[in-house]
Amino acid sequence: MDRYNRIMNRLQKRYGLKQPKVHAPNGTALKIDRILSEIGVPPGERDSFLSWALSDLWNSFKTERMNKRIVIENEIRQLGIHLPNGTQNKEYAASFNLPMDKISDISLDGADELPLIFECSPEGVCSLSGTPDKSGDFNLILRYRTVEGEPESQLRIPIAFNADPRTLWTSKPTPRSIPYFKEDSDCAYIKVEAADDMLPRKDIVAASQRGRSHAQEGKPRDDHFSVLHCEDSDWYVLAVADGAGSAIYSRRGSQIACETVTQYCRSRLTGNPDFENDICEWQKDTSDREKRTVVTRQVIDILVNAAKLAHQKIKDEAIKENARLKDYATTLMFTICKRFSFGWFMASFWVGDGALCLYDEKNKTAKLLGTPDEGEYSGQTRFLTMPEIFHDKDFAQKRLRMAVVPDFTALFLMTDGISDPMFETDRNLNDFSKWEAFYRRLKEGFPEDKIGGVDLSDDNEAAKDQLLGWLDFWSPGNHDDRTLAMLY
């Protein structure tokens, strides 16, 4: 009856009639006839007229409703809703506003498939968020209602997600048939118990991972490490080397260098009480230059001869294989360390790039144990296989370091596959805050890349696998081999 009254009201308004509303179905036909009679519609044409009048009103009603919908659709279109591009596997968030007083039943088709979450508040703030797992160009369809009875409205909203750079890299296994085959990764952990003096000792963890640039082409890992703890003498020896990417057999050069210096140092440090006594005597009076000189000469004798022997063994290998010495080009850094009653003594040798640092979180110090062989930015470096290295007049001053500290947090030896993305410049290697950030990142990992950190608590053999996984961190433009050895 309400619908009938609405129609009659429209008729009365259109034709100027003052007919009262009908409140009951009884007499409805008579009342309609009376209205038609008053406006002069002959009895024989009243059905056709009534049909035409109602049809005309219905069409006018639909046109008015459609026009209202089109006006709202144009308003929505003129909002210029734009969704910024994103990146596959990277968190995405965007928002836009809609006039909620004019539309309802809002949805966004296609968001779930990416997958992204679409939400719209009562105030009209619409958000699209999540981590897309696809790349490419997509069209999302915004669906909404405007006027009751009108069809659903739609708006196409384009969106694009760039491919995750990591998905563009492939990993081809290194052919085992190549000369000097080397596994694509390696890791080690050495747990050291307290000795009879009950002074706490430190553990060693190391890992080496083939870089993405090599994995893409199925080339071998050029980095290498060698670490050991001499149980009979309590000395630690750690070595890390980075074979030159341009040298065909550098993987073998780095291997020979690391293994040679660690074994040589083991032999020289075992059963050598004189060296240890001289260190202790010097520490009783550190101002005594003569005692320091005695220790320095022994350090030079051990470390330089170790480096020279590594150079010679690489040279012998090249001769045996009828190759050039530079085909085995490699950097090299290594340290010897021992815990004494007064603290830790350590000495190091370093040729090439990368970083060798003694880090103390408590005292907020980061001491480089050498000087990297490169300019302000990473580039051409120097190698152990260069004969002129040992003829440099400043050889000992540049290549060797000694340090004595009560304690420390960690001793780091790393190739430039880690130091370049983490520190960017040599200047930053001398910035404690950069090392503090590095150490924190080492423990926390890269949650944004779903890469865990390394648990550096005592007696955690899983640290070697954790460190190997950590080496897979993402850094645009830095895809070299990565090797890190640490005493902690």
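Computed from the coordinates by the stated procedures, all read-outs in this text should not be read as laboratory data. Only a predicted model underlies this, so the values are computations on that prediction, with no experimental measurement involved. Because the Cβ atoms are built from the backbone with ideal geometry, glycine has one as well, and the counts that use them run over all protein chains shown.
Rounded to the nearest 10 degrees, the angle from helix 289-320 to the longest Cα principal axis of the chain is 70 degrees. Residue ranges 340-350, 245-255, 392-402 sort as 245-255, 340-350, 392-402 when ordered by packing (mean number of other C-beta atoms within 10 Å per residue, highest first). Protection proxy ranking, highest mean first, for peptides 93-105, 256-268: 256-268, 93-105, where packing is the per-residue count of other beta-carbon atoms within 10 Å, averaged. Computed from the C-beta positions of Thr293 and Ala163, the FRET efficiency with R₀ = 60 Å rounds to 0.50.
Under 23 Å between C-alpha atoms is the cut-off here; go through the range 226-327 and count lysine pairs that meet it, provided they're at least eight residues apart or on different chains.
Details: Lys308/Lys320; Lys308/Lys326; Lys313/Lys326; Lys315/Lys326.
Going through the range 226-327 pair by pair, I get 4.
For the chain, the relative contact order is 13 percent, taking Cα pairs closer than 8 Å that sit 6 or more residues apart in sequence and dividing their mean separation by the residue count. This model, with +1 at the C-beta of Lys and Arg and -1 at the C-beta of Asp and Glu, gives the range 226-284 a dipole about its Cα centre of some 420 debye. Placing a pseudo-label 7 Å from each Cα along the Cα-to-Cβ vector at Glu75 and Glu444 gives an inter-label distance of 4.6 nm. Quick one: angle between helix 2-15 and the longest Cα principal axis of the chain, in degrees between 0 and 90, rounded to 10, please. With rounding to tens, the tilt is 60 degrees. Compared with the dominant Cα axis of the chain, that is its longest principal axis, helix 273-284 is turned about 70°.
Separation of the range 411-459 and the range 278-317, taken as the distance between their Cα centroids, equals 30 angstrom. Against the empirical curve 2.2 N^0.38 Å, the C-alpha radius of gyration of the range 173-245 lands at a ratio of 1.46. Built from the Cα atoms of the chain, the convex hull projects on average onto 37.8 nm², one quarter of its surface area. Straight-line reach from Lys362: taking Cα to Cα under 20 Å and skipping same-chain neighbours fewer than 8 places apart, the aspartates and glutamates in range are Asp203, Asp407, Asp431, Glu436, Glu444, Asp455, Asp458.
Evaluated with a Cβ-only charge set (Lys, Arg +1; Asp, Glu -1), the chain carries a dipole of roughly 1880 debye about its Cα centre, given to the nearest 20. Helical runs (DSSP H, four residues minimum) scored at -39500 (n - 2.57) apiece and divided by the length of the chain put the mean residue ellipticity at 222 nm at -11000 deg cm²/dmol. Around Asp109, with a cut-off of 15 angstrom between Cβ atoms, what is the net charge of the other residues, counting Lys and Arg +1 and Asp and Glu -1? Neighbour charge sum, excluding Asp109 itself: -2.
Here the spin labels are modelled as points 7 Å beyond Cα on the Cα-Cβ line, and at Asn428 and Lys308 they lie 3.8 nm apart. Placing pseudo-labels 7 Å out from each Cα toward the beta carbon at Thr87 and Ser129 gives an inter-label distance of 2.0 nm.
The residue list Ile117, Thr286, Thr415 was ranked by how far each Cα lies along the charge dipole of the chain toward its positive end, using unit charges on Cβ atoms, and Ile117 comes out on top.
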